[in-house]
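Peer 1: Mind having a look at this structure? Questions to follow.
The values are calculated or read from the model by the stated rules, or taken from the named source; none is laboratory data. Owing to the predicted nature of the structure, the values given are computational and were not obtained by experimental measurement. Glycine also receives a Cβ, built like all others from the backbone with ideal geometry; neighbour counts cover every protein chain displayed.
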Amino acid sequence: MVAWGYAAAPVPPISQSPPSSIAARLDDCVFAIRKRVSIEPRVGLVLGSGLGAFADTLDELVKIPYRDLPHMPASAVVGHAGNFCFGRARGVPVVCMQGRVHLYEGHPIETVVQGVRTMARMGVRLVLLTNAAGGLEPSWSAGDLMIVTDHLNLTGTSPLAGPNDDALGPRFPDMTRAYDPALREALADAAREAGVPLREGVYAGLLGPTYETPAEVRMLRGLGAQAVGMSTVAEVIALRHMGVRVAALSCITNLAAGISPRPLDHAEVEATARARRDDLLKVLGGFVARAGAVAMAGGAGTGGA
């Protein structure tokens, strides 16, 4: 890998007063990033529990720890390194979030989505979110990969609650196609090319940090979910609000309570994600190549930047 130089790049104006709006806080964060990297990312990736290895494969890699940036929270969860990673994958300029923060850590929801909003504010118009999830289908196995087709927001909150920041997006964004059909197809094509089978299903997002009870698992299956986790939905809502096209991929790291005969623990989540490392690297690389072609052709949505 070749280290990036820190050439000067155009920057948005930094706020001249204490940031009182979401947009001002995002501009502060982007300003700090632009002082350290010159790359203009076109595709973004959020790498969940145990899935951060892809970022370390980037060419011309530059890492910026979240703790070095204004208004960015640092993750305290094992398996979430807490870095913005800039570089190129298959020639496509990308930015990866190597780990995320969660509502259950006690962060306000606007802080939880600060990272993905920062990517959008930098001009990223296509984002793939990954997560580790519990499987709700008894016929599935730990290690399966699932394209997210839709979600259930059962966290009890939304990043859009409260006054709307019109600089970011509309008061009432449409979520009919929250998970972009063309990007889902790009993800499926990348998996076929890599010889990696994929499932499809609905992701249920809960607050956590407890794993679900068997009764909750039965409820979620009755609502139509195939996977459950503690992330992703707030980020998707925030990105769609800003006009960013989204896809999501879940690594089924364990079967949920009442389906699995074993007690659930985070170590199993990390171990399963690591075991799928090679397949995930191939799928993510193939997706970035396809998404990069869409981005360069101007096929992204508008708004928010």
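Peer 1: Counting just the residues of segment 66-99 that are assigned to a strand (DSSP E or B) and among the polar types (S, T, N, Q), which one comes out nearest to ALA32 (Cα to Cα)? Outline the logic, then answer.
Peer 2: Taking segment 66-99 as the starting set, the residues that turn out to be assigned to a strand (DSSP E or B) are 83-89, 92-98.
Those still in the list that are among the polar types (S, T, N, Q) too: 83, 98.
Values: ASN83: 14, GLN98: 18 Å.
The residue in question is ASN83.
Peer 1: When you scan segment 56-65, do you find a residue that is closer than 21 Å to ALA273 by Cα, modelled with pLDDT of 95 or more and part of a loop (DSSP other than H, G, I, E, B), even just one?
Peer 2: yes
Peer 1: Could I ask something else about it? For segment 94-106, state whether one or more residues are under 21 Å from THR155 (Cβ atoms), charged (D, E, K, R), crowded, with 23+ Cβ neighbours inside 10 Å and under 17 Å from the mean Cα position of the chain (by Cα).
Peer 2: Within segment 94-106 (the criterion being under 21 Å from THR155 (Cβ atoms), charged (D, E, K, R), crowded, with 23+ Cβ neighbours inside 10 Å and under 17 Å from the mean Cα position of the chain (by Cα)), the answer is yes, since at least one residue qualifies.
Peer 1: Something else now. Got a sec? Which strands (runs of 3 or more DSSP E) wholly within segment 116-235 have at least 1 residues that are buried (at least 22 other Cβ atoms within 10 Å of the Cβ) and free of Cβ contacts under 8 Å to residues at least 60 places away in the same chain?
Peer 2: 199-206
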